[in-house]
Structure formats: C-alpha cells, structure tokens
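Here's the structure, in structure tokens; my notes come after.
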Number of protein chains: 2
Amino acid sequence: MNAEKNTEEQIIEAAKKIFTKKGLAGARMQDIADEAGINKAMLHYYYRSKDKLFEIVFNEAINKVMTNLNTILAAKMPFPEKIKAIIENYITALTANPQLPLFVLHEITQNPEMFIRELKARVGFPNVAAFMREIVEEGEKGTIRKISPVQLVMNILSMSVFPFVAKPLFQAVAEIDDVQFRMIMEDRKRVLVEFILAALRP
Amino acid sequence: MNAEKNTEEQIIEAAKKIFTKKGLAGARMQDIADEAGINKAMLHYYYRSKDKLFEIVFNEAINKVMTNLNTILAAKMPFPEKIKAIIENYITALTANPQLPLFVLHEITQNPEMFIRELKARVGFPNVAAFMREIVEEGEKGTIRKISPVQLVMNILSMSVFPFVAKPLFQAVAEIDDVQFRMIMEDRKRVLVEFILAALRP
DNA sequence: GTCTATAGCTGGATAGAC
DNA sequence: GTCTATCCAGCTATAGAC
C-alpha cells in the first residue's frame, strides 16, 4: 500500500509478500491485487501472467540469497573468521526474512528446471568450490581436523538455515513467540561459531 | 496401483504420494485418482473432501516422524550412543522418504492450527524436555562441554534433516544424482556423530 | 461400490469503456 | 493507465444410472 512508489514496484512488493507466504500454487492473483491496493486487471497489464510475475519474484529471491553468500565465500580472511562471517551473515539476513528459505526450497522442489535455468544465467554462481578447497588445505596444514568438505559445508548451511525453515514447528513444540525466537537466533550466532570451531579442533 | 489392497488403502497410498510431492494447494484430486487407478468420484465416496483426505495423510506423516523420535529420546542409553541412535534413525528414515520433511514443514507453515491440533491430540508428544535435561546434566558432570540444550537440539536436528529439505538445491549446485546423494547421506551418519561428539569434548 | 455426466464455483485472463 | 464486467478453463463435489 506504499502510495509513494510507482505501480510496477507496488505490484512486485505485494507479489513477493503473497508468493513467499503462500507459494505459487497457493497464491491468488486477487490476494496480490488486494495487497498492492489495486485491481486484478492491472497485474496482467503489467506482468501478463501469474507465472511471469512469479518468475520475477522467485529469481529475485534466488539472487538475493546467493549474491550475499558468494561475496563472503570469495573474501580473503582467516578461516575461522570466514566461518563466523558466513554464520552471522545468514542469521542476520534470515532474521529479517524468515520465510524466504522455505519458500525457495519448496519452489525449487516443485520446479527444479526454473532454478537450474536461473543458476546458469548467473555464471559460476555459487563460489563454493574455492571454499571447499580451503577446507582441505586447512586440514592438511593441521589447523583444523580433517573432514570431508561437502559434509562440513552441509553442516554449516544446515545449522544456519534450518531453524528458520522449521520456525513454526519449533515455536509450536517449544511454545515460544517471535520475540523469544529472535533472541535464540541472536544468541545462536555466537553459539554456532563456538560449536563449529570446537568440532574442528585438531 | 496395488491391485491386492482394498480401495481405501489404495487411495491413502496414492494421496500420500501426490500430496507429499505437490502439497495441498498444488495437488489435484484427478492426480490422486489416476495414481490410485480409480475414478475421481470414489475419492469423495470414501473420504468426502480433499481437505479431509489431506488431513489424514498429514497427520499420519506427523505421527510417523514424531513416534520414531520419541522412542529414542526416551530410551535409556549412554549419551554419546543416544546421539548416534538419533542421527542414524533420522538419516535412515529420511533416505527412504526424502520429500517428507519439506512437505511437513511447508504445510505446517501454511496451516499451523492443524499441526497444533494434532500435537495436542497425542499427549506429551515430543519427549524432548527429558533429553534437554540430560544435556544439562552431562554438562555439569563434565562429560561434555556446557552448551545451551535448545541450541544443541537445533544443531542435531538441523544437520540430520536439512540435507533432505535442500536435496534438490544441493543436487543442482553440486551436480550430483540420486545415487551419489544416497552415498553422501550414508557416509553422513558416521561423519555427523564424529562432528557432534568432537564439538562436545570438554 | 463403481462409473459417467454434470452442476457449481473459483480463479486466471481479456475486452472494452473511460 | 485504470477500472468494471465478463469469459472460460479447470477444479471440487454431487447426482444418478448400473
């Protein structure tokens, strides 16, 4: 309902909100129109079809997630600090946008082709290979315990992202509200770094 | 298409498959009928509505996931072995059913009320409180490093479940097929236990 | 119990006035 | 560019024959 912005932007904003909440199949064009404070016909006027509108929102989400990660992975800094940076970056970004990962993962599963297309559009997108080489090197230098780089990457990613994917489940089981969840996630930045570095002690 | 089983069972079987794959909003009654090798009208004859059918499938999924975990959490065994049991149990179960967690998490997010209703129906369902007490005790005994029990539970769960939630993403980025993924998950049982126990060394 | 046919509605998309 | 009215496909659900 941002009366300041132009219609195109308003629509994208509204579409983001509805699609991330309901998914492609669950979202209604009427919902998006209502959220944007405009008429349903306008959506088609500007973006032709539901699928086209979705693709824009989805690709934007992918790029947002990936670009962030990529810059850190490529950065030159000592290994433990890099781990710290990755974790803090993820948790901060996802605290601001908790529904994003579940949305992305669900839609990738529903339609892997669209994701792969977008992956290939951005050349050499996830710069994870270099980071994995770093893990092997550190292991050989003896700075950290030797560990399969694929598994370590999975561990770091899992522990950073999964709590947000499982947020409603955690909240129901542990009976905690949004404020408490935020606090746990804030605390988690420190805990996770400690945990991972402890696991990697030679 | 199990010609042996009775129609009720065939329908549930088919509904499981389609719902876990497409979600509630994405699934079509026609798909389920086709999968079961029967007519669309039969679905309504046996289960009245799409929502009713879905609720049965969903609750069965919840119970399957929970019951398994609960028995292990309640079991009496040394702490490190319990961790091993939890991880191996999860990874084995999810290897046989990789789409289950994403389905459950997505639908909980769409409709938390249904999940909470089912949670309350099973009394004292997730027996996680006892396990968290165990974590604190072990920390005070000095057998493991002191750590917030909530955070440790999140870590264990995240690392066990998330790879399956993110399976299509991993496969696309790392360009691996189903066989390779299975191997990595099989290997992961050992790696994870090592990783966690290493992180918990006092 | 099982099928065909169809009612009834929802929701994406378009026509056309302004 | 924006709105109202409307079309039409696709879907859930039911009626009714067998």
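Things to note:
- Residues (within 16 Å of DNA strand C (Cβ to nearest atom) and within 14 Å of another protein chain (Cβ to nearest Cβ)) located in segment B:52-67: B:Phe54
- Looking across B:Asn97, B:Asn70, one residue alone is at pLDDT below 95, touching a Phe, Trp or Tyr at 6+ places or on another chain (Cβ under 9 Å) and more than 16 Å from DNA strand C (Cβ to nearest atom). It is B:Asn70.
- Filter result for B:Phe162 (aromatic (Phe, Trp, Tyr) and more than 16 Å from the chain's Cα centre (by Cα)): no
- Elements of the type helices (runs of 4 or more DSSP H) sitting completely within segment A:18-115 and holding at least 1 residues that are away from DNA strand D (no atom under 16 Å from the Cβ): these cover A:50-74, A:79-96, A:100-110.
- Screening segment A:141-172 for residues that are of a type in the set (Ser, Thr, Tyr) and in a helix (DSSP H, G or I) and picking the one that is farthest from the other protein chains (Cβ to nearest Cβ) gives A:Ser160.
- Qualifying positions in segment A:78-88 - open to solvent by less than 30 Å² (accessible area, probe 1.4 Å) and under 23 Å from A:Phe103 (Cα atoms): A:Ile86, A:Ile87
- Across segment B:116-140, the qualifying residues are those that are touching a Leu at 6+ places or on another chain (Cβ under 8 Å) and outside any helix (DSSP H, G or I), and the one among them that is modelled with the highest pLDDT is B:Asn127.
- Test: residue in segment A:104-126 that is of a type in the set (Val, Ile, Thr) and more than 30 Å from B:Thr109 (Cβ to Cβ): yes
A quick yes/no check of all residues on (1) crowded, with 18+ Cβ neighbours inside 10 Å; (2) of a type in the set (Val, Ile, Thr); (3) over 30 Å from A:Ala199 (Cβ atoms):
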| residue | (1), (2), (3) |
| --- | --- |
| A:Lys76 | no, no, no |
| A:Ile108 | yes, yes, no |
| A:Phe115 | yes, no, yes |
| A:Met132 | no, no, no |
| A:Gln151 | yes, no, no |
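- Annotation: of all residues in segment B:23-44 being open to solvent by 80 Å² or more (accessible area, probe 1.4 Å) and more than 14 Å from chain A (Cβ to nearest Cβ), the one that is nearest to DNA strand C (Cβ to nearest atom) is B:Asn39.
- Selection count where residues are on the phi > 0 side of the Ramachandran plot and at pLDDT 95 or above, scope segment B:171-202: 0
- Residue list for segment A:89-102, filter: crowded, with 22+ Cβ neighbours inside 10 Å and either out of contact with any helix residue (DSSP H, G or I) (no Cβ under 8 Å at 6 or more places or on another chain) or more than 9 Å from chain B (Cβ to nearest Cβ) (or both): A:Tyr90
The values are calculated or read from the model by the stated rules, or taken from the named source; none is laboratory data. A quick note: this is a predicted structure, and the numbers were derived from the prediction, not measured. In this analysis, Cβ positions are derived from the backbone assuming ideal geometry, glycine residues included, and neighbour counts consider all displayed protein chains. Just the protein is used for accessible areas: all its heavy atoms, side chains included, with ligands, DNA and RNA removed. Shrake-Rupley method; radii C 1.70, N 1.55, O 1.52, S 1.80 Å.
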